[in-house]
Amino acid sequence: MTHSAAVEEHPLLSRVEQALDTIRPYLAADGGNVRVLNITDDMVLQLELLGACGTCPMSPMTLKAGVEESVKKAVPEIRSVEATNATPMEEQPAGQTGHPLPPTPVPTPQF
């Protein structure tokens, strides 16, 4: 992974990368990945969502429930995780406006 010069010097970077490496296979299975952009003075990890993660309607949930929890468990100094390029819900593809569409009933064959 390529990092900015400032984040490369951060003492937590290697631990953060190790934590991210534990979940990258799951992200990659769906065509995505993450890249560390910054670790702020307030201990906020800023990531860039790559590949399918950048536009996936599940990215906000994956970021909080998967990425943030994994990182915070391994690196408790990190207070939160943000994605700088997550697609806002109002810009998600049609049918993905924050609430799933109801399932379409499937007719039961009559024998």
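The values are calculated or read from the model by the stated rules, or taken from the named source; none is laboratory data. Computed from a predicted structure; not experimentally measured. Virtual Cβ from ideal backbone geometry, glycine too; neighbours counted across all protein chains shown. The accessibility values were calculated without ligands, DNA or RNA, using every heavy atom of the protein model including side chains. Shrake-Rupley method; radii C 1.70, N 1.55, O 1.52, S 1.80 Å.
Tabulate in residue order the Karplus-calculated ³J(HN,Hα) for the range 22-37, using 6.51 cos²θ - 1.76 cosθ + 1.60 with θ = phi - 60°, rounded to whole Hz; enter x for Gly and Pro.
Whole-Hz 3J(HN,Hα) from phi for the range 22-37: 6, 10, 4, x, 6, 5, 5, 4, 9, x, x, 6, 9, 10, 6, 9.
For N85, list long-range residues whose amide hydrogen, built 1.01 Å from N in the peptide plane, is under 5 Å from its own amide hydrogen.
Correct list: L49.
Search the structure for amide H atoms under 5 Å from the amide H of N38, placed 1.01 Å from N in the peptide plane, and list their residues when 5 or more places away or on another chain.
Amide H neighbours of N38: Q46.
Can you list the HN-Hα couplings for the range 74-85, worked out from phi with the Karplus curve (6.51, -1.76, 1.60; θ = phi - 60°), rounded to whole Hz and with x for Gly and Pro?
Ordered by residue, 3J(HN,Hα) equals 7, 10, x, 5, 6, 8, 7, 10, 10, 9, 7, 10 Hz.
At 1.4 Å probe size, with no ligands or nucleic acids counted, give the accessible surface of T55 in Å², nearest ten.
For T55, the solvent-accessible surface is approximately 90 Å².
Local charge sum around K64 (other residues, Cβ-Cβ under 12 Å, Lys/Arg +1, Asp/Glu -1)? Please list the in-between numbers first.
Working: positive: K72; negative: E68, E69, E82.
Charge balance in the 12 Å sphere: -2.
Evaluate the distance, in nm, between pseudo-label points positioned 7 Å from the Cα of E48 and of R15 along their respective Cα→Cβ axes.
2.6 nm
Compute the signed sum of charges (Lys and Arg +1, Asp and Glu -1) over the other residues within less than 14 Å, Cβ to Cβ, of V36. Working shown, then result.
Details: positive: R15, R24, R35; negative: E8, E9, E17, D21, E48, E68, E82.
Overall, the nearby charge balance is -4.
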